[in-house]
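The values are calculated or read from the model by the stated rules, or taken from the named source; none is laboratory data. Keep in mind that what you see is a predicted model, and the values were worked out from it rather than measured. Methodologically, a virtual Cβ is constructed for each residue, glycine included, from the backbone with ideal geometry; neighbour enumeration extends over all protein chains shown.
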Amino acid sequence: MNWNSDLPKSALVVLDHVAAEGPIAPREISRRFNVPLRTVTFALKKLMKLDLLRKTPNLLDMRKPQYRPNHERVRELHEIIELLRIQMGVQLRAI
């Protein structure tokens, strides 16, 4: 797997926000952190494909699923994620 092409910079930023905020819906990520919803959705799909996030139902509103980090997988890939941060120049770090 080529991490540079599979994980865009926006995905690292979204991963940081999800890790910092806990379970959160895509629209809430977009609104709180001023990231276009389309970018958030694309990043979430990439992170889900790499098993870095888990999608959970929102029991208060089933139309708004929430995402949370897969801490085991993030810990497993910590070194690779940190290397990508350095290569991409991502400063924010919540995990």
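Screening ALA20 on (1) surrounded by 12 or more Cβ atoms within 10 Å (Cβ to Cβ); (2) within 16 Å of ARG85 (Cα to Cα); (3) at pLDDT below 90 shows it passes everything except condition (2).
Filtering the stretch 83-93 for residues that are part of a loop (DSSP other than H, G, I, E, B), closer than 17 Å to PRO8 by Cα and of a type in the set (Lys, Arg) leaves a non-empty set. Residues that are among the small types (Gly, Ala, Ser) and without any contact (Cβ under 8 Å) to a residue 24 or more places away in the chain within the stretch 1-28 comprise just one, SER5. Residue pairs whose Cβ atoms lie under 9 Å apart, separated by 6 or more positions or on different chains, with the first residue in the stretch 29-42 and touching a residue at least 12 places away in the same chain (Cβ under 8 Å) and farther than 13 Å from GLN66 by Cα and the second surrounded by 15 or more Cβ atoms within 10 Å (Cβ to Cβ) and polar (S, T, N, Q), are VAL35/SER10; THR39/SER10; THR39/SER30; PHE42/SER10. Looking at (1) exposed (fewer than 11 other Cβ atoms within 10 Å of the Cβ); (2) assigned to a loop (DSSP other than H, G, I, E, B), find the lone condition where GLU72 falls short. Failing condition for GLU72: (2). Of everything in the stretch 30-41 that is more than 10 Å from the chain's Cα centre (by Cα) and surrounded by 14 or more Cβ atoms within 10 Å (Cβ to Cβ), the residue that is modelled with the lowest pLDDT is PHE33. Would the stretch 31-52 turn up any residue that is more than 18 Å from VAL90 (Cα to Cα) and small (Gly, Ala, Ser)? No, every residue in the stretch 31-52 fails to be more than 18 Å from VAL90 (Cα to Cα) and small (Gly, Ala, Ser).
Taken residue by residue, the stretch 47-63 has no member that is in contact with a Ser or Thr (Cβ under 8 Å, 6 or more places away or on another chain), surrounded by fewer than 16 Cβ atoms within 10 Å (Cβ to Cβ), part of a helix (DSSP H, G or I) and free of Cβ contacts under 8 Å to residues at least 60 places away in the same chain.
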